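The values are calculated or read from the model by the stated rules, or taken from the named source; none is laboratory data. Remember, predicted model here, so these are calculated numbers, not experimental data. Please note: Cβ atoms are built from the backbone with ideal geometry, for glycine as well, and neighbour counts cover all protein chains shown. Note: accessible area is taken over every heavy atom of the protein model, side chains too, but ligands, DNA and RNA are not part of it. Shrake-Rupley method; radii C 1.70, N 1.55, O 1.52, S 1.80 Å.
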There are 2 protein chains.
Amino acid sequence: MATYVMQSLGCEVAALNTVHFSNHLGYGQAKGTRATAQEITDLYTGLKDSGLSAFQMMLSGYLPGAASVEAVGAIARDLKYKATMDPGEFFWVLDPVMGDNGKLYVAEDVPPAYKTLVRDADLILPNQFEAETLSGVKIVDMETLKEAIVTLHQEYRIPHIVVTSISLPALGSQPSLSVVGSTFTRTAEPRIFEIKIPAIDCFFSGTGDMFAALMLVRLREAVYNIEGLMKTKSWVSGDEVEATELPLARACEKVLASMHEVLTRTKVRRDAELEKYKGVNWEGDEKKKRLVESKAAEVRLVRNLDCLRHPEVKFKAERFA
Amino acid sequence: MATYVMQSLGCEVAALNTVHFSNHLGYGQAKGTRATAQEITDLYTGLKDSGLSAFQMMLSGYLPGAASVEAVGAIARDLKYKATMDPGEFFWVLDPVMGDNGKLYVAEDVPPAYKTLVRDADLILPNQFEAETLSGVKIVDMETLKEAIVTLHQEYRIPHIVVTSISLPALGSQPSLSVVGSTFTRTAEPRIFEIKIPAIDCFFSGTGDMFAALMLVRLREAVYNIEGLMKTKSWVSGDEVEATELPLARACEKVLASMHEVLTRTKVRRDAELEKYKGVNWEGDEKKKRLVESKAAEVRLVRNLDCLRHPEVKFKAERFA
């Protein structure tokens, strides 16, 4: 998912697969193997040995255990170190994949490993649960959401944060979802914006990877459009820039436009597919039902290339109240 | 390379990686691991278990040893078997990667394994050396080239063959290259066409995979455009169709148009890149030189998406003299 999205938008990608699975885990089952931490390290060494490690950006996603989290951290630090003398020449987008909806789905040693790691990241993309896990702040309203973001900016010194899905009861009775982001100021104060998007009533797999990959490309593009910004450490905008004018906000708007288009089209196709099974009695065959539903909901990406490349922004960043 | 090409042209791809290398072997070195035959088999079993094995086409490429060649053969036969009652519902494009320019670059047990396997393939894409290895016919002129193709059609019952690069001294003094293809008739007679293309004086890696992936997509498209053909076994055109009118010939024309555009652009960028190293004395540093040259010659694919999607046919199929 992530590799194809970045390639479609013009990036030369070196994909270091941390798992080799037959299918995503939405199916409830899969065969395959996990790359060991040593294998991850070896692949990076191979890239370096062959003169292929001049990466401008890195996106890290799902990592199965603390050892591989640490191996990826070591890669990021090595790349960051090489760019020490050239501020802005390396940027790390870290998606701290740990769980969702209050449930951890990685090993218990993964969260502490991420807490060490995120200090070196330029942008992190936690969902609500992951933001809580990293910050130690339970998010129940706007106030605590802000508190979590401030903690991540100030304690962990993370320049850019996007909390990828917030759903708070206080936000109203309509099924709506918010994406909340912030780039800190020179004094590590937050600049928080919010983008409200209509929720789509369906569970899709891989949308986190899609979001992260689009974010990487669109953030670079937004930063590139501002003179000099790519040459500054972590691409942090000057203090005069308002939250809703941040490159991070511009990027988020485009990302969400692409995602909403792709997922809306996916939902239509998924419903048509499931229509074929109308009237089937799945009793005693819950496993089959899950397989059918998972397949029907596979994100329709390759036939919707234009949604990725030419999104039409519909949801604008607003000041966080 | 192959995955991205097929996805860019609208295919939903399940990529079963047979190796996990840091880089291609054009660099003369790489780190990483090979998937075992058991791992290959397991991944396919996982796909089947999750209801994800309704493939219309399969492309098989580089396989590191006889055991993995056999594992992939078993997958193809399983998919073929499922489509027994529905002719044309499964099509296997086999690229028998074994070597080039008279040199084998796989284990010695691989060629015999392929000789067993190709009997089940619908289309094979050998280069000149691989066509010789499979057919047992040394190709030195047009006559022996035809003999090799006839052997593959008649002894191995392979419906479609494209020999991806033929360079015969007899073809003239201009640096030119031919691609020669054939779809057999009902009586297994060859229908041979030839497409002459200008040679580009540069070594690129991955062009075999690019050719194979484009071929898969363009052949399906050409067959789809002829009523009823997709419902016939192995998509073999009726005997009345001339060599130069075959869907295989139509597909080859588009494939070569895309490739010529992408590689011409790559060559320009590669030359500009190498210009930076002009005057460098590589003596005693041949390894470094190879790394620099390999990187400079990496095929520029992601920024040349339009060459893949909208090729302009320049080289037409001709009757084979």
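Quick notes
- Qualifying residue in region B:174-192 (condition: open to solvent by 10 Å² or more (accessible area, probe 1.4 Å) and closer than 28 Å to B:Gly28 by Cβ): yes
- Residue that is nearest to the chain's Cα centre (by Cα), among those in region A:106-150 that are open to solvent by 20 Å² or more (accessible area, probe 1.4 Å) and in contact (Cβ under 8 Å) with a residue 60 or more places away in the chain: A:Lys146
- Residue count for region B:266-284, restricted to those that are within 13 Å of chain A (Cβ to nearest Cβ) and open to solvent by 70 Å² or more (accessible area, probe 1.4 Å): 2
- Yes/no for B:Asp141 being among the charged types (D, E, K, R) and in contact with a Pro (Cβ under 6 Å, 6 or more places away or on another chain): no
- Selection within region A:33-67 - away from chain B (no Cβ under 14 Å), open to solvent by less than 20 Å² (accessible area, probe 1.4 Å) and assigned to a helix (DSSP H, G or I): A:Ala66
- No other residue among B:Lys80, B:Lys146, B:Lys115 is within 22 Å of B:Ala14 (Cα to Cα) and assigned to a helix (DSSP H, G or I) apart from B:Lys80.
- When residues of region B:258-311 are limited to those that are small (Gly, Ala, Ser) and part of a loop (DSSP other than H, G, I, E, B), the one nearest to B:Leu219 (Cα to Cα): B:Ala297
- Here A:Glu70 qualifies as part of a helix (DSSP H, G or I) and open to solvent by 20 Å² or more (accessible area, probe 1.4 Å).
- Number of residues in region A:17-32 that are at the interface with chain B (Cβ under 7 Å from one of its Cβ atoms) and small (Gly, Ala, Ser) equals 3.
- Restricting attention to region A:291-321, the residues that are small (Gly, Ala, Ser), closer than 15 Å to A:Gly26 by Cβ and more than 10 Å from chain B (Cβ to nearest Cβ) add up to 2.
- The C-beta contact set for region A:258-273 (first residue over 16 Å from A:Ser294 (Cα atoms), second residue among the hydroxyl-bearing types (Ser, Thr, Tyr) and assigned to a helix (DSSP H, G or I), distance under 8 angstrom, 6+ apart or interchain) comprises A:Met259/A:Thr207.
- Enumeration of residues in region B:41-93 that are in contact with a His (Cβ under 9 Å, 6 or more places away or on another chain) and among the β-branched types (Val, Ile, Thr): B:Val93
- Residue in region A:87-101 that is crowded, with 16+ Cβ neighbours inside 10 Å and either assigned to a helix (DSSP H, G or I) or within 14 Å of another protein chain (Cβ to nearest Cβ) (or both) present: no
- Residue match in region A:206-218 (condition: polar (S, T, N, Q) and over 26 Å from A:Gly28 (Cα atoms)): no
- Between A:Leu47, A:Leu43, A:Leu59, A:Leu63, the distinction of being in contact (Cβ under 8 Å) with a residue 60 or more places away in the chain and among the hydrophobic types (A, V, I, L, M, F, W, C) belongs to A:Leu59 only.
- Any hit, region A:6-15, residues being open to solvent by 30 Å² or more (accessible area, probe 1.4 Å), within 13 Å of chain B (Cβ to nearest Cβ) and in contact with a Pro (Cβ under 7 Å, 6 or more places away or on another chain): no
- Taking the criterion of being open to solvent by less than 20 Å² (accessible area, probe 1.4 Å) and either of a type in the set (Asp, Glu) or within 19 Å of B:Cys11 (Cα to Cα) (or both), the residues of region B:219-234 that qualify are B:Leu219, B:Ala222, B:Val223.
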